Amino acid sequence: MAVVAGVAAAPVAAAVATTADPAFVPAADADRARAWLYGRSRGGAPRDPERMRRLLARLGTTGPAHVVHVVGTNGKGGVAARIDAAVRAAGERSLRFLSPHVERFSERIAVDGLEIDDASVVAFVAALRSARPPIDGAFFELVLALALHHARERDADWAVVEAGVGAARDATSVLDRVVATVITNVGPDHLAELGPTVLEVARDKAAALRTGVPAVTGAEGAALDLI
């Protein structure tokens, strides 16, 4: 089942697919594209996965056939990187989506271990900016959409996706075809967004669990009991 069932690929997606030219992109163009993404926000609107569903429907973008969803307070990026490496070692082509990056934007999106190229970012942003009516989205939502589009363009059959904040209201929660869920741990970080207690944080992250989908966690104590 696709992320958004019954939605045909939009002209926006086609424009992205035919614009990217990895041979050469001026550094200034790539800098402007990334700056435009960094400037996107929800404009004070609450975090709501429906925003991500609408964006993917507009773009005609779906996720890979196998998704590993990684949530938790700490260690998500390292766990996601190791799972991605294991999937590739098994001979599969995999998208790795991380957030945030440490040194450069391209760390966020990699297929087969290769970070996304500037041409793909520039083409995607150009298609978004030229769309009519305008395409709405916050930075994290748009970058996740870019990652899923890049995975499709590179024929990735797997995706290892690190959540942003929590799970219940995180944009990554819209992904279907999830074959495994990881909740690394539960701590007091993000109490303002997910709390006010650690148990409430655990409850939010536990929303990533799906019926019939294997899950593993390093949570302890009351948080583990809740999960």
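The values are calculated or read from the model by the stated rules, or taken from the named source; none is laboratory data. Bear in mind the structure is a predicted one, so any value in this text is a computation, not a measurement. When we count neighbours, we look across all protein chains shown, and the Cβ atoms used for this are built from the backbone with ideal geometry, even at glycine.
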Handout entry: Considering residues of the range 36-53 that are of a type in the set (K, R) and modelled with pLDDT under 95 only, the residue farthest from A171 (Cα to Cα)
Key = R42
Exercise for the section: Among the candidates V102, V71, V87, single out the residue that is farther than 27 Å from P134 by Cα, of a type outside the set (D, E) and without any contact (Cβ under 8 Å) to a residue 12 or more places away in the chain. Expected result: V102
Completion exercise
Selection from the range 33-51 of residues part of a loop (DSSP other than H, G, I, E, B) and of a type in the set (G, A, S) yields G39, S41, G43, G44, A45
Problem - Condition check for R54: surrounded by 19 or more Cβ atoms within 10 Å (Cβ to Cβ), among the basic types (K, R) and not in a strand (DSSP E or B) - result: no
Exercise for the section: Identify, by number, the condition in (1) hydroxyl-bearing (S, T, Y); (2) within 14 Å of A30 (Cα to Cα); (3) touching a strand residue (DSSP E or B) at 6+ places or on another chain (Cβ under 6 Å) that S120 doesn't meet. Expected result: (3)
Practice task
Report yes if some residue within the range 116-138 is exposed (fewer than 15 other Cβ atoms within 10 Å of the Cβ) and in a helix (DSSP H, G or I); otherwise report no.
Solution key: yes
Problem - Looking only at the range 57-78, and only at residues there that are assigned to a loop (DSSP other than H, G, I, E, B) and under 18 Å from A168 (Cβ atoms), the one that is nearest to the chain's Cα centre (by Cα) - result: G72
Practice task
Can you give me the number of residues within the range 176-210 that are closer than 14 Å to G72 by Cβ and loosely packed, with under 14 Cβ neighbours inside 10 Å?
Solution key: 1
Practice task
Within the range 105-115, work out how many residues are touching a residue at least 40 places away in the same chain (Cβ under 8 Å), aliphatic (A, V, I, L, M) and either part of a loop (DSSP other than H, G, I, E, B) or more than 11 Å from V143 (Cα to Cα) (or both).
Solution key: 1
Fill in the blank from the handout: Considering only strands (runs of 3 or more DSSP E) wholly within the range 151-227, the ones with at least 1 residues that are more than 25 Å from I116 (Cβ to Cβ) are 178-183, 215-217
Practice task
Check the range 153-163 and report whether any residue there is under 16 Å from R40 (Cβ atoms), buried (at least 16 other Cβ atoms within 10 Å of the Cβ) and at pLDDT 95 or above.
Solution key: no
